[in-house]
Amino acid sequence: MNADEYILCAEEALSEQFARADDIALFNQNKVLEAFRAEQIALRHFAPSTGYGYGDEGREALGKVYARAFGAEKAIVSPALLSGTHALTVALFGVLRPGDSVLCITGMPYDTLRGVIFGEENGSLKDFGVSFEIVELDNKGKCDEKTVAARLKEKKYRMVYIQRSRGYELRDAFSVAEIEKMCEFVRKEGFNGCIFVDNCYGEFVEKKEPTEVGADLIVGSLIKNPGGGLAPTGGYIAGGANYVAMCENRLTAPSVGGEIGSYAYGYQAYFQGFFLAPHVVAQAVKGALLIGKCMEQLGYENFPSLNKTPADITRAIRFHTEKELTAFIQSVQDCSPVDSFVKLEAWDMPGYDCKVIMAAGTFVAGASIELSADAPIREPYTAYFQGGLTYEHCKIACKNILEKLL
């Protein structure tokens, strides 16, 4: 078969998953629209502000729209949150105090967060006397309830930490239903602290967010799913009003909290990106399914299973050699609208313990809701593919990849 025939075969096999993704997009689009209408968003909310940003209606309204759409009491949405890792850091330091303990029940967190947690003499949680304990996943890649229950009986924890996406691990992302089960389980075991979810890559992939099923805080990046490809930077923190207020005090200062924060470039891209996000996320989900099915037809193992709705926008594809891995990442760059001519090389990317190669020919630098792929240069050689503002772009990239492999 040629590349077009592989793609046609894959699309026919994925028809049910594509229809499911479209149904989820319709549901979430209505949810976001209703949030805009309920908060009476108007042109004045797009206006820029300077200085302290007292009475910045755009900043306040944007937070209210996110909170309403995510089923949360309150939200911070800010360009001052510089990345997903930064947003997570602000939230962790906002809620935790010296002497507190955290129990992470989904295995080792993502690479860039490890310095935040375990770093030595760099201002980490460890430096401030916060212990962060990890329960590894069971042999099926799921929460080890028996070990978690034992830990919760042994010690009092301030926070239970859940990472929704896989990071650079080979497990599936956790679905909202699985996160709901984890929340119910730890509450049943007597935990009454903060349930904290790293929600990166998961927003709008399903009809509910973790804050609607028991999580106290969710955190994410605006250059991933919720920015819709338009947000130029930023992150969000959403959840219970008391916890979000603690995070506001850490983002700014305890004396002013969420009362300040200006943005001289205006908020239109943030509002419009969030409005488009349900559709854009569905495009990315379908693109990742297509890539996965075609790679499976060529004999490449990839995750998650193609027989179910994914829980985030990323797809992990395993290769036999570093050369194969690098060629795949390069082929994604070749189909990018920006910097398509660039020859990629692995480099010592800040926050990682090995070299990383990254295809990100994106309009917003490093935006993983746009077509992108990256991989740590280590065994097993696994590429992590994500994004695609349009399914058509994903399909073109898939054809290019197939033609090179064939």
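The values are calculated or read from the model by the stated rules, or taken from the named source; none is laboratory data. Predicted model only: the values in this text are computed from it and were never measured. Cβ placement follows ideal geometry from the backbone for every residue including glycine, while neighbour counts extend to all protein chains displayed.
Can you tell me how many residues in the range 182-209 are more than 19 Å from ALA282 (Cβ to Cβ) and either touching a residue at least 12 places away in the same chain (Cβ under 8 Å) or among the small types (Gly, Ala, Ser) (or both)?
15
GLY94 - would you say it is touching a Cys at 6+ places or on another chain (Cβ under 9 Å) and over 24 Å from MET349 (Cα atoms)?
Considered against the rule, which asks whether it is touching a Cys at 6+ places or on another chain (Cβ under 9 Å) and over 24 Å from MET349 (Cα atoms), GLY94 comes out as yes.
Kindly provide the set of residues from the range 34-90 that are in a loop (DSSP other than H, G, I, E, B) and crowded, with 23+ Cβ neighbours inside 10 Å, ordered by number.
PHE70, ALA72, LEU81
Being buried (at least 24 other Cβ atoms within 10 Å of the Cβ), in contact with a strand residue (DSSP E or B) (Cβ under 7 Å, 6 or more places away or on another chain) and not hydrophobic (A, V, I, L, M, F, W, C) narrows it down to one of GLY287, GLY292, GLY261, so name that one.
Checking each option against the conditions leaves just GLY292.
Within the range 340-360, which residues are loosely packed, with under 14 Cβ neighbours inside 10 Å and at pLDDT 90 or above?
Correct list: SER340, PHE341, LYS343, GLU345.
If you go through the range 300-313 one residue at a time, do you hit one that is part of a helix (DSSP H, G or I) and exposed (fewer than 14 other Cβ atoms within 10 Å of the Cβ)?
no
Exactly one condition in (1) within 30 Å of THR390 (Cβ to Cβ); (2) outside any strand (DSSP E or B); (3) not polar (S, T, N, Q) is false for ALA238; which is it?
(2)
Only one of (1) among the β-branched types (Val, Ile, Thr); (2) touching a Leu at 6+ places or on another chain (Cβ under 8 Å); (3) farther than 26 Å from ASP138 by Cα fails for ILE223. Which number is that?
Condition (2) is where ILE223 drops out.
Given THR106, THR147, which one is of a type in the set (S, T, N, Q) and free of Cβ contacts under 8 Å to residues at least 60 places away in the same chain?
Among THR106, THR147, only THR147 is of a type in the set (S, T, N, Q) and free of Cβ contacts under 8 Å to residues at least 60 places away in the same chain.
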